[in-house]
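Written below as structure tokens is the structure these notes are about.
The values are calculated or read from the model by the stated rules, or taken from the named source; none is laboratory data. None of the values given here were measured: they were computed from a predicted structure. Neighbour counts run over all protein chains shown; Cβ positions are idealised from the backbone, glycine included. Each accessible area value is taken on the protein alone, full model and side chains, heavy atoms only, with ligands, DNA and RNA left out. Shrake-Rupley method; radii C 1.70, N 1.55, O 1.52, S 1.80 Å.
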Amino acid sequence: MPRYLTMIRIDEQNAPVEGPSLEFSERMGALLEEITKAGVMLDTAGLTPTSEGTRVTWSGGKLGYTDGPFTESKEVVGGYAILQAKDKAEALEWTNRFLKIHEEHWTVTAEVREIVEG
């Protein structure tokens, strides 16, 4: 079965200050348990803020380093999931369910891409 990388994109500048509610955390825990039991979830994690990251760029035959935060980026990858699904439609269905459990005032984007094997 194909694997898919889901990159969770957030706007760090407008992320909810209060963080996730208890209800959201419970919904997320239930979904993660269900998707794991279904054998679809291979790995998932959130990422530290861009203020703690470094970008490494290769350009003109030289490496360049830029320490975060990356304020020029409206959206940044805030987390990821690796899913193993029968097809892209199934990967999108699980991703839709993931997005729908978020609070209405949050803005979260998920980019789903198949992982090239071999």
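What the table below lists for this structure:
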quantity	calculated
Test: Val77 is surrounded by 12 or more Cβ atoms within 10 Å (Cβ to Cβ), within 19 Å of the chain's Cα centre (by Cα) and hydrophobic (A, V, I, L, M, F, W, C)	yes
Total residues in region 49-65, condition over 18 Å from Asn14 (Cα atoms) and either in contact with a His (Cβ under 8 Å, 6 or more places away or on another chain) or surrounded by fewer than 11 Cβ atoms within 10 Å (Cβ to Cβ) (or both)	11
Unique match (being open to solvent by 90 Å² or more (accessible area, probe 1.4 Å) and in a helix (DSSP H, G or I)) among Glu93, Glu104, Glu117	Glu93
Matching residues in region 69-118 - criterion: being among the basic types (Lys, Arg) and at pLDDT below 90	Lys74
So Thr109, is it surrounded by 12 or more Cβ atoms within 10 Å (Cβ to Cβ), among the polar types (S, T, N, Q), free of Cβ contacts under 8 Å to residues at least 40 places away in the same chain and assigned to a strand (DSSP E or B)	no
Positions within region 19-49 being closer than 24 Å to Ile115 by Cβ and of a type outside the set (A, V, I, L, M, F, W, C), in sequence order	Glu33, Glu34, Thr36, Lys37, Gly39, Asp43, Thr44, Gly46, Thr48
Candidate set: region 1-41, residues that are surrounded by 14 or more Cβ atoms within 10 Å (Cβ to Cβ) and farther than 18 Å from His102 by Cα; chosen: the one nearest to the chain's Cα centre (by Cα)	Leu5
